[in-house]
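Accompanying notes for the structure given below.
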Amino acid sequence: MLYGEFLIENIELQYCWMLHEIAKSLGMAENLQAILNLIVKSAVDNLGLKAASIRLLDKDKRTLKLEAAYGLSDEYLGKGPVEVDKSPIDKEAMKGKPVVVKDVNKDVRMLQYPDEAKKEGIASMVCVPLMIKDEVIGSLRGYTAKTRDFSNVELTFLTALGNLGAIAIENARLNEKLIKKAEVMKKLLNIAEAITSTLNKKQVLDGIVKAAVEILNAKGCSLRLLNETKEKLELASSIGLSQEYLAKGTINVAEEIKDVLEGKTAVIYDALTDERIHDKESLRKEGVKSILATPIMAKGKVIGVLKVYDKNYRRYEDDEIEALNLLAGIGGVAIENARLYKLALTNWQEAVKSLWEKIDIWGSP
């Protein structure tokens, strides 16, 4: 086999050279999707496959989500989610070793969707794990149109390609995460400047809920503040929520999430079943499925609750939780500043009034 100016006859060296060339290409890939597309195409081109696909594990490590494919029809790709527990080939690969299904027609036990595989014209399949250190993050599948075996060299190549891809995927994820975090921090700085530049309490509150929805790309947000008796939470500002949902107005402290009132952030994945949620029916009508709630604090005490609502089931990232906490912290300072300003202004007005009442304007100078 000829590579550049070199003629390589040893099959193992050929695959080593292939990996060398792929590694260089991965290093030049612009983003995560480009990396994934390169991996599946490389698998097909270098092993003479019909097609290939990459699926990555979700956060619960129960489902493999399709991220890239080459050579497969839209109909096959739309067959449904791959659940690890229902897909023996993937379940076996998640243990860290390649799995081969030599004949799809005879070994349907290994597949979650055997009929769809036959219809697609798939005869054989190979599945290798994508691994970072000792952790499996997904799988790389190869498909053939004719029944065939895979040699140890081919399996080693595919495994190495998968591991090489996994490293590139992880690096791309970290890079995208850092970029996203930098963008969020920039937004928070701009928001902090806008919020702290005014002593108008309404502007402060409206700015906080608007920023929360923007940063987390959420359905809506509400901000409630404790009243003077500390027994009720009064709606101070909201965005993205219906008037019907907001009509309940003031709520009792006992109806709020206990964790938040104790100064902790609460992550509610399923608001319709979570025992911490009291108003499940109104949330169902509103179309809310997940909630992220954090306390607003001033001088070490909880003065309110900032709550973000999502229409989809959502597992909030650590960076997203941190961003909402920072926003709540900024809001707490701004709210306290506005309160102190109002208090100082009221005291000054009362002092002036009292002074004028005591002055005898008809007396001698």
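Each value in this text was obtained by applying a stated rule to the coordinates, not by laboratory testing. Please read these numbers as outputs of a predicted model, since none were measured by experiment. Cβ: placed from backbone, ideal geometry, glycine included. Neighbour counts: every protein chain shown.
Things worth noting here:
- Length added when fully stretched, Asp107-Ala145, from 0.36 nm per residue minus Cα-Cα: 12.1 nm
- R0 of 45 Å, Cβ-Cβ distance Ala247-Ala182: FRET efficiency to nearest 0.05: 0.65
- Label point distance in nm, Asp115-Asp74, each placed 7 Å from Cα along Cα→Cβ: 2.2 nm
- Full-stretch length increase - Lys210, Asn190 - with 0.36 nm per residue and alpha-carbon distance subtracted: 5.9 nm
- The distance between label points at Asn31 and Lys91 comes to 3.6 nm (points 7 Å beyond Cα on the Cα→Cβ vector).
- Once the Cβ-Cβ distance of Thr229 and Leu66 is raised to the sixth power relative to R0 = 51 Å, the FRET efficiency obtained is 0.40.
- Within the shell defined by Cβ-Cβ distances under 12 Å, the residues around Thr250 carry a net charge of -1, with Lys and Arg each +1 and Asp and Glu each -1.
- Taking 0.36 nm per residue of separation and subtracting the current Cα-Cα distance, fully stretching the chain between Tyr313 and Val153 would add 53.3 nm.
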